[in-house]
Amino acid sequence: MTLHPPISGHPPVPGVRPTVPSRRRFLRQLGLAAAGSVLAPPLLQACRGQGGGTADPTSGGGELVISSFPLYIDTDEPDAPGSVARFRADTGIQLRYLEDINDTRQFFARIQPQLAAGRPLSQDLLVLTSWLAARLIGLGWVEPLPLAEVPNAANLIPTLRNPSWDPKGRYSLPWQSGIAGIAYNIKATGRELTGVDDLFDPALKGRVSALLEMRDTMGLLMLADGQDISAPSWQAAQPSFDRLERARRDGQIRRFTGNDYQNDLLAGNLAACIGWSGDVAQLTQEEPDLRFLVPQTGGVLWADVMVMPKGARHPQAAARWMNWVYDPVEAARIAAAVLYISPVQGVREILARDPATAELASNPLMFPDAATQQRLRVFGPLSESEEARWEERFAAITEG
Amino acid sequence: MWWAWILLAPGLLWLTLLYLLPLLGLVPLSLSEPLSRFGLETRFSWRLANYADGMGTYGPVLLRSFAFAGLSTALGLLLAYPLACAIRFRGGRWQPLLIGLVVLPSLTSYLVRAIGWTSLLGDNGPVLGLVAALGLTDLGLLRDGRLLNTPTAVVLGLTSTQLPFLVLPLVVALQRIERRLLEAAADLHAGPWRRFRLVVWPLSRPGLASALLLSLIPAAGDVVNPLFLGGPNERMIANAIANLLLVQLQAPRAAALALVLMALSGVAVWLLLRRGGPDDLALQ
């Protein structure tokens, strides 16, 4: 099986794109991803929650609703429907796929009122960063997944099943993984960067950004300080907090960003930043001078997962979706578009077989080699009270 | 006068239910403590520490907010006053069109406008290029040779957001000045400067006060301009409130800061009213 020729009568799917489609670029330049996070009042979410009904979406009543991050799936191209359209055609299930999660932390604030009050959301599936999924599991705000109806879960990379915060794998299934590391423009820096210390190089003053995602920014800095982030301790984090605070005050750090660091990188406002592997892999297609570095001291490996919020109305349809995206061919299409680390085995082989996507099979950001994998660490869990303390200090740095 | 109350009723009802009551609700919330980290319930406990903590961490941010708001309003007035005079006294039959042009940018979402500014003010953008070409890089407006994500950019963004709210009340106030007064002043041998000083300026003061309030208060509470045009050292108080509410899930502290912001804005209104009386707001 290859991505070309077309599968099941659908037109061919473009694999490697020499340039990112203009729509994507346009959205990015408008910074709508960032914009959405500013003005997404929790009320909107609450109002939209109703409707849908309990009817089974396979029979045309109600619809399966999924919330995810922007640009996290293959989109419709001329003559080549994206995954959402193909899923609708293949299964007859009405699917509404929302790209409405721009800031994980603010998304929690949006869903919190309903879930805390025991009212179901309109969504049947949420694609969330693992620490937030862990929080929802701890609060009892998610349903066990109908795993029996997801036989393709057998295709998953074994190490991704049963993470420490969901030891029996009952509540979550992986969507994509990625690496938080250092992105830089070689023309702007004038040299190759080698590690986290380069972000604090006075020569780059005011042209460096860090992520608002605390675990990624703090994780990288703590790794550079030689700290263990799999069991993060408040004490051990203080030097990294201090370093970040100084850099912010001195104007070394220009901004703290969500996805919007991409605009600044392309516009030349940033020389280097903390960024995410898949984003940078996508951006490299339009800006070949961009590089992504997993520092020798270590990069932060994160995973986004699918969870089913409490009271989800369409568990069967949700299971169909999860099963569908774990088909290696479908997973390969998604991987070829988003360029993150796919959770499905066999994706690499499928990409390698198709001339249009063969190059991706050797992309080290999608398929990290053994040496890189050695350097990747997962940021460990924080207790509720610890997390509050961490977030307060982090916010005093980013917002103070 | 019963019919006056009927006419007022919809507006009063709206303001009471959707503005005044929620606002009053902030007061007990600001003195409460959350019962759990991720729940919504809070318990009223006279927790004044919410104010102390908020002001301790974000006091400087509050000062910065009013400094930015004041600067942008002052800059805006320098632009708006001559503009309003030109529209009023030289606009002729083009007046409606000119007013329309002033309002035109407001038809675009202010979010999109702020993002547009990021392109203009970027390191490779046209404005910085112009500043460099004119040799204006040493005026202290830039930081490390850049314009975007500096105080200058935030003040510029705020000024452009507030400009229509400065121009419109001024135009209205200036339009109330009768031409005959100016003609009379001219007949009495007042030159242009004296005509301005003795006739136009005093009679435009009501508009000036309205313009000040309409600009200063929203600017002090702006979220978008500091977020896109500033950096972490240019954050304003509304950013901190949003972060407390949406990220740190500390609604009581957010409420406390919001009330402090409103109280300070209230003081500004009171000072203006006391100085000039309600007449200054062109309310009559």
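No value in this document is a laboratory result; all are computed from the given coordinates. Computed from a predicted model, the values in this text were never measured in an experiment. Please note: Cβ atoms are built from the backbone with ideal geometry, for glycine as well, and neighbour counts cover all protein chains shown.
Each Lys or Arg adds one and each Asp or Glu subtracts one; over the other residues with Cβ under 11 Å from the Cβ of A:VAL280, this totals -1.
Considering only Cα atoms, the convex hull volume of the protein assembly as shown works out to 199 Å³ per residue.
Over the range A:262-400, how many percent of alpha carbon pairs lie in each 5 Å bin up to the one with the longest distance? Taking all Cα pairs of the range A:262-400, the binned fractions are 2, 8, 13, 15, 16, 16, 14, 10, 5, 1, 0 percent.
Sequence gap at least 6, Cα distance under 8 Å: using those rules, report the relative contact order of the range A:290-366 to the nearest whole percent. Could you put the intermediate results ahead of the total?
Working: 44 pairs, mean separation 15.0, N = 77.
Relative contact order, the range A:290-366: 19 percent.
Neighbour counts of C-beta atoms inside 10 Å place B:CYS85, A:CYS273 in the sequence B:CYS85, A:CYS273, starting with the fewest.
Given contacts defined as C-alpha pairs under 8 Å and at least six residues apart, what's the relative contact order of the range B:141-284, whole-number percent? Don't skip to the end; give the middle numbers.
Working: 124 pairs, mean separation 41.7, N = 144.
Relative contact order of the range B:141-284: 29 percent.
Here A:GLU149, A:GLU387, B:GLU183 are placed in order of increasing Cβ neighbour count within 10 Å, fewest first, which gives B:GLU183, A:GLU149, A:GLU387.
Cross-link partners for A:LYS205 among the lysines, with Cα-Cα distance under 22 Å and sequence neighbours closer than 8 places in the same chain left out: A:LYS187. According to the square roots a ≥ b ≥ c of the eigenvalues of the Cα gyration tensor, what is the shape class of the range B:1-130, taking rounded for a/c under 1.5, prolate for a/b larger than b/c otherwise, and oblate for the remainder? It comes out oblate by the Cα gyration axes.
Based on every Cα atom in the range B:80-149, Rg and the maximum pairwise Cα distance Dmax equal 16.5, 47 Å.
Around the Cα centre of the range A:339-384, unit charges on the Cβ atoms of Lys, Arg, Asp and Glu (plus for the first two, minus for the last two) sum to a dipole of about 120 debye.
Ignoring lysines fewer than eight residues from A:LYS310 along the same chain, the ones with Cα atoms less than 23 angstrom from its Cα are A:LYS168.
May I ask you to order B:43-54, A:99-110 by the average number of other C-beta atoms within 10 Å around their residues, highest value first?
Numbers: B:43-54: 15.5, A:99-110: 20.8.
Listed from highest to lowest mean packing, they are A:99-110, B:43-54.
With Cα atoms as the point set, the radius of gyration and Dmax of the range A:352-400 evaluate to 19.2, 52 Å. Per-residue mean of foreign Cβ neighbours for B:235-247 is 5 (Cβ atoms of other chains, 10 Å radius).
For the range B:138-284, just say rounded, prolate or oblate: build the C-alpha gyration tensor, square-root its eigenvalues into a ≥ b ≥ c, call rounded for a/c under 1.5, and beyond that prolate if a/b exceeds b/c, oblate if not. The partial results should precede the final answer.
Details: a/c = 3.67, a/b = 1.81, b/c = 2.02.
In terms of gyration-tensor shape, oblate.
DSSP bridge analysis restricted to the protein assembly as shown gives an antiparallel fraction near 70%, rounded to the nearest 5. The mean sequence separation of alpha-carbon pairs under 8 Å and at least six residues apart, normalised by the residue count of the range B:1-144, gives a relative contact order of 8 percent.
Need one number: convex hull volume per residue for chain B, Cα atoms only, in Å³.
Working: hull volume 56.0 nm³, N = 284.
Hull volume normalised by residue count: 197 Å³.
Among A:ASP201, A:ASP250, A:ASP260, sorting on how many other beta-carbon atoms sit within 10 Å of each Cβ, with the fewest leading, yields A:ASP250, A:ASP201, A:ASP260.
Using just its DSSP H runs of length 4 or more, each adding -39500 (n - 2.57), chain B gives a mean residue ellipticity at 222 nm of -22000 deg cm²/dmol after division by all residues. Computing Rg and the Kirkwood Rh from the Cα coordinates of the range B:66-200 gives a ratio, Rg/Rh, of 1.08.
How much of the pair distance distribution for the range A:168-287 lies past 18 Å, counting alpha-carbon pairs only, in percent?
Numbers: 3762 of 7140 pairs.
The calculated P(r) of the range A:168-287 puts 53 percent of pairs beyond 18 Å.
For the options B:TYR58, B:TYR81, B:TYR19, a Gaussian network treatment of chain B with springs between C-alpha atoms closer than 10 Å singles out B:TYR19 as fluctuating the most. Electrostatic bookkeeping for B:THR159 treats Lys and Arg as +1 and Asp and Glu as -1; over the other residues with beta carbon under 15 Å from its beta carbon, the sum is -1. Residue by residue, the range B:238-248 carries 3J(HN,Hα) couplings of 5, 5, 5, 5, 4, 5, 4, 6, 9, 10, 7 Hz when phi is fed to the Karplus relation 6.51 cos²θ - 1.76 cosθ + 1.60 (θ = phi - 60°); x denotes Gly or Pro.
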